[in-house]
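Read-outs throughout are calculated quantities, based only on the coordinates presented, and are distinct from any laboratory measurement. The shown structure was predicted, so the numbers you read here are calculated from the model rather than taken from an experiment. Note that each Cβ is placed from the backbone with ideal geometry, even for glycine, and that neighbours are counted across all protein chains shown.
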Amino acid sequence: MPGPFEYILWFLCTPFEVVALVCAFKRKAFRRYLFLNLYVAASLVSSLARFQVFHHYGLTSSAYVYFYYYSDALLTIFLYFALMSLYSYVFDELKAERLVSLMAFALLVGTAIFSYSVVHQASDKLVSRFVVELSQNLYFVGLVLTYLLWASILKMRETRTRLIQLVLSLGVYFSLFAATYALRNLYPGMSSLLQALPPLIACFLPMAWGYAYWRLPEEARLVPARLAVVPR
Amino acid sequence: MMAAGIFVFSAAALLQFFISYCRSLIAASSKQVLSPEVKDVTGIQRFASGDDFKRVMQLLQLCPESPEDRNSVQAIGAYFGLLNLLRSTLARVVPSMRVWTDSERGLCAYFAAVALERRISFSRDMLAQQMDG
């Protein structure tokens, strides 16, 4: 049976996902940021399903581990498309939507091929290894793409406060995940300790997005150069 | 080797995103004018000092929190800690950094005061709903 810590992990994140969706609905931002909200909704459904699995089998069971990583890979793909939708918002004046979609799809396929090339020599659990590898690589690709998006925001002097906060919170989220996965590869002995981090990190995104929907009106503006670590 | 490279890049990006995210939270709240009531309680008028932060955070903890604000207050708390670390290390060598950290710490305190204002108003709303119910 799962202990109190496992239940706390689950209870921590799920309410924030509900809050983020409610905030989006109430502030009429659900359709505007559709892909972001679809990701949060998918994450909520996945949290409920994960809870069912670990309630029956426990956190250390292979059933939970399999379910966790398979659902995580799917969610990462959802988040990848959410990131691409943010690209569309930033570049909407350039009418580059089609180009962004094509590049996003090509990069996703490229990441999948690269992930397969890394794991294809494994004799057992090929699909599982592929799913974990794809997920880790997508977090890193997501981080690089978010970094490029942030650089574009600074370069193009994008001023929409809500959009800026959505992008920056996604950057924090991707970099936390990419750093955690890299640490797990560097120190495999610490993997049990580091395994507890992803569910905690996952709480950050719905909290930050809920805040951005609730507290910042769509028309709020700021000067992005003021936010850069290195003054421009 | 590759994992180490990914870790270094991720950690550097995390630091950059985190600082920019916190500054975007601060920038959004810095336009808000404090009510006379909160000005009295916190002692902050138009500009806050970094030394006010701890006191305002203590006041914040006395009020019931709203779920959508929790993340931002924690993030600014962590940012304030980072600024304190910079102030006691790098800023001792680079004087311009001391000016910057002091200014940022003051903005963190102002953000906390704005959060306090929101929590007071949230508590009032909750009380009013209970009275109506």
Exercise for the section: Take peptide A:16-23, look around each residue's Cβ out to 10 angstrom, count Cβ atoms belonging to other protein chains, and average those counts. Expected result: 2
Practice task
Give a quick list of trypsin sites (Lys or Arg not before Pro) in segment A:71-148 that DSSP marks as loop, anything other than H, G, I, E or B, with at most 11 other Cβ atoms within 10 Å.
Solution key: A:LYS95
Problem - With at most 10 neighbouring Cβ atoms within 10 Å, loop trypsin sites (Lys or Arg not before Pro) (DSSP) excluded, longest segment of chain B - result: B:47-133
Problem - Lysine pairs in the protein assembly as shown with Cα atoms under 27 Å, if 8 or more residues apart or on separate chains - result: 8
Practice task
Kindly express, to the nearest 10 degrees and within the range 0 to 90, the angle between helix A:161-186's C-alpha long axis and the longest C-alpha principal axis of chain A.
Solution key: 30 degrees
Fill in the blank from the handout: Helix A:97-119 sits off the longest principal axis of the Cα atoms of chain A, rounded to the nearest 10 on a 0 to 90 degree scale, by 20 degrees
Handout entry: Sorted largest first, extent of chain A alpha carbons per principal axis (Å)
Key = 49, 39, 32
Practice task
Check every DSSP H run in chain B and write down those whose alpha carbon atoms cover 24 angstrom or more along the long axis and whose mean Kyte-Doolittle hydropathy is -1.0 or greater.
Solution key: B:2-30, B:67-88, B:95-132
Fill in the blank from the handout: Computed over chain B, the relative contact order (Cα-Cα under 8 Å, seq sep at least six) in percent reads 38 percent
Completion exercise
Relative contact order as a percentage, chain A, C-alpha pairs under 8 Å and 6+ apart, gives 27 percent
Exercise for the section: For segment A:51-77 and segment B:75-133, compute the distance between their C-alpha centroids and round to whole Å. Expected result: 38 Å
